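Shown next, in structure tokens, is the structure this report addresses.
Derivation of every value follows stated rules applied to the coordinates shown; laboratory data play no part. As the structure is a prediction and not an experimental result, all values here were calculated from the model.
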Amino acid sequence: MEFEIGQVVISKAGRDKGECFVVFDVQGEFLQLVDGKRRRAANPKKKKTKHIQPTNTVDTILKEAILGQKYLKDSDFRSVLDDFKA
């Protein structure tokens, strides 16, 4: 199961079960996740890949910004997740 930066994922375990996140970084079997509310870009959540359900949604604009190390606001992540939920 491959995860990529900018991909929308859903938590399968833990207190945040059922919550949507955006993949901020991939570190082996761990992912850094951001939702723009409780988990901001300054303090991403570290979670194992086995506790994450991938989706087919990847925001390419967000992905390019993260890879290019451009400044991102937490509202950028929230807008992507709000569009996903709608």
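When only Cα pairs below 8 angstrom with a gap of at least 6 residues are kept, the stretch 7-85 shows a relative contact order of 33 percent.
Calculated [222 nm] ellipticity per residue, helices only, for the chain: -7000 deg cm²/dmol; basis is -39500 (n - 2.57) per DSSP H run with n ≥ 4, divided by all residues, nearest 500. Around the amide H of Glu19, modelled in the peptide plane, lie the amide H atoms of Ser11, all under 5 Å away and 5 or more residues distant in sequence or on another chain.
For Leu33, the amide hydrogen comes within under 5 Å of the amide hydrogens of Phe24, Lys45, Lys46, Lys47, counting only partners 5 or more places away or on other chains and with H modelled in the peptide plane.
Tell me, what are the semi-axes, in whole angstrom and largest first, of the equivalent ellipsoid of the chain as set by the roots of 5 times the Cα gyration tensor eigenvalues?
On the way: eigenvalues 61, 40, 31 Å².
They are 17, 14, 12 Å, listed largest first.
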